[in-house]
Amino acid sequence: MPTQTDPDFDVVVAGAGMIGSACAVAMAQSGVRVALVDPGPINFKHNRPNGIRVSAVNLATENILRALGAWSALKAESLSPFRQIDVWDAHSNGLITFSAAQVGLAHLGHIIQNQHICSALITRMAQLKTLDCLSGERIEAIDANGSAIRLTLSSGRTNLCKLLVGADGAKSQIRNLARISLNQNFYDHKAIVATIITDKPHQETARQRFLDTGPLALLPLKDGRSSIVWSCAPKRFAELEKLDDDAFSTALSRASEYRLGNIRVVSRRTSFPLVRQHAQRYIASRVALIGDAAHTIHPLAGLGANLGFSDAEMLAKVINDAYQKGSDIGSYSVLRRYERGRKGEIQIASNFMDILDHTFRSSHPLVRTTRGFGFNLVNKLDPLKSLLIRGATGSCDYVAESNK
């Protein structure tokens, strides 16, 4: 049995989704000995239950995936660039159009299926000698003591490491085992996800319409189809859930104001509840949380996955720096650098999403009028629009190579 001075791994990452895989690759490619643990098979070449889920990958996240060597592993047919975003309000004449050309960019981001990102990261993992994958395993117990943390897996196996990273989603087992409290706010909405075909071409434009029952997003895919994320209040969700695909397609066409003509659903429909979660701490004794294990926010701006990738990038940077200096990578002083760097930014983003959500849910005539005025005012102020675009895309740090 290993001693506390002879751990099996430097870092164990729990959760082989996009964020956990990115964090594991980022550390392993710097020589850190990493194990990636997941209760399912760590093989994303096969279809998974959430295969229709997509992410709006901004330019900062594209940079992260390039640095990890995963962007080049993504097949061209899986990358759907969007060069414009149209946002409009159902109860006013408010409209904002954001264009990549306006700020001298080739695109504002890409819509990519989550499983394709995972597959690209798995491809990169196979090239790293310091990364092991432990599939079919769940971490059942942890014991942080001295200079290491002991993990008990579902198979009965035990492993010793210096740091455990919880990247195991919104219902994180690692967060629970580390006894980290969670602040929750249920939005009382559910989001419907599906793939659609439209009469009119999407023209590489992402569209979002704010309805009083929740926002509807139409996201362009490479093959000419689109993905929808339709957030609905309970009554509206119950109405839509009862509809067959033809009737749902008609309702969806109307909700989008026929901006893309008639719409036809061509995939199964899935849904998930909208919940704001924020861990009171991102770190505990030899434990760090990233991605949905640490925070979830409203999807109306498509920031969730991008915030998670930034978590993975910063934690990996902190750990890699400490590793190269010979410092204890699981110490409080090292992990606190990560928490300070991320928690404040996440709180601001989460609060801003809440403000937008409450503003667009309001049916008060004055609020609706003000909303429309604000939309149109922003649409006329090019410097402000440029600032918003660069903030949302992370393009301040965007490398020229991405425009090629």
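Here are the numbers:
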quantity	calculated
Strands (runs of 3 or more DSSP E) wholly inside segment 75-159 that include at least 2 residues being touching a residue at least 12 places away in the same chain (Cβ under 8 Å) and polar (S, T, N, Q)	95-99
Test: residue in segment 185-202 that is within 21 Å of Gly31 (Cα to Cα) and either hydroxyl-bearing (Ser, Thr, Tyr) or in contact with a Gly (Cβ under 8 Å, 6 or more places away or on another chain) (or both)	no
Count of segment 252-289 residues which are small (Gly, Ala, Ser), more than 17 Å from the chain's Cα centre (by Cα) and under 30 Å from Gly224 (Cα atoms)	5
Test for Arg175: is it crowded, with 16+ Cβ neighbours inside 10 Å, under 30 Å from Thr152 (Cα atoms) and within 19 Å of the chain's Cα centre (by Cα)	yes
Contacts under 6 angstrom Cβ, first residue in segment 192-205 being within 14 Å of Leu252 (Cβ to Cβ), partner assigned to a strand (DSSP E or B) and aromatic (Phe, Trp, Tyr), 6 or more apart	Ile192/Trp230
Flag if Asp292 is under 26 Å from Ile142 (Cβ atoms), assigned to a helix (DSSP H, G or I) and either modelled with pLDDT of 95 or more or not basic (Lys, Arg) (or both)	yes
Of residues in segment 305-353 being surrounded by fewer than 19 Cβ atoms within 10 Å (Cβ to Cβ) and among the small types (Gly, Ala, Ser), the one nearest to Leu68 (Cα to Cα)	Gly341
Residue count, segment 204-228 (criterion: of a type in the set (Val, Ile, Thr) and at pLDDT below 95)	1
Among (1) out of contact with any Ser or Thr (no Cβ under 7 Å at 6 or more places or on another chain); (2) within 19 Å of Ile283 (Cβ to Cβ) - the single one Ala144 does not satisfy	(1)
Test: residue in segment 245-259 that is touching a residue at least 12 places away in the same chain (Cβ under 8 Å), within 19 Å of Arg209 (Cβ to Cβ), among the small types (Gly, Ala, Ser) and in contact with a Cys (Cβ under 9 Å, 6 or more places away or on another chain)	no
Test: residue in segment 194-216 that is surrounded by fewer than 23 Cβ atoms within 10 Å (Cβ to Cβ) and within 30 Å of Arg150 (Cα to Cα)	no
Of all residues in segment 211-231 being assigned to a strand (DSSP E or B) and out of contact with any Pro (no Cβ under 9 Å at 6 or more places or on another chain), the one that is nearest to His91 (Cα to Cα)	Leu211
Residue within segment 203-210 that is in a loop (DSSP other than H, G, I, E, B) and in contact with a Cys (Cβ under 7 Å, 6 or more places away or on another chain) present	no
Asp357 farther than 26 Å from Ala178 by Cβ and without any contact (Cβ under 8 Å) to a residue 12 or more places away in the chain	no
Unique match (being over 18 Å from Asp168 (Cα atoms) and in contact with a Ser or Thr (Cβ under 8 Å, 6 or more places away or on another chain)) among Asp292, Asp328	Asp328
Test result for Ser271, touching a Lys or Arg at 6+ places or on another chain (Cβ under 7 Å), surrounded by fewer than 20 Cβ atoms within 10 Å (Cβ to Cβ) and farther than 19 Å from Ala167 by Cα	yes
Pick from segment 114-134, criterion touching a Gly at 6+ places or on another chain (Cβ under 7 Å) and not basic (Lys, Arg), ranking: nearest to Phe9 (Cα to Cα)	Thr130
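Matching residues to (1) modelled with pLDDT under 95; (2) closer than 16 Å to Ile389 by Cβ; (3) touching a His at 6+ places or on another chain (Cβ under 9 Å):
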| residue | (1), (2), (3) |
| --- | --- |
| Val37 | no, no, no |
| Asn43 | yes, no, no |
| Arg66 | no, no, no |
| Ile96 | yes, yes, no |
| Val103 | yes, yes, no |
| Leu108 | yes, yes, no |
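The values are calculated or read from the model by the stated rules, or taken from the named source; none is laboratory data. Computed from a prediction, not measured in an experiment: that's the story for all the values here. Every residue, glycine among them, receives a Cβ derived from its backbone with ideal geometry; neighbour counts consider all protein chains shown.
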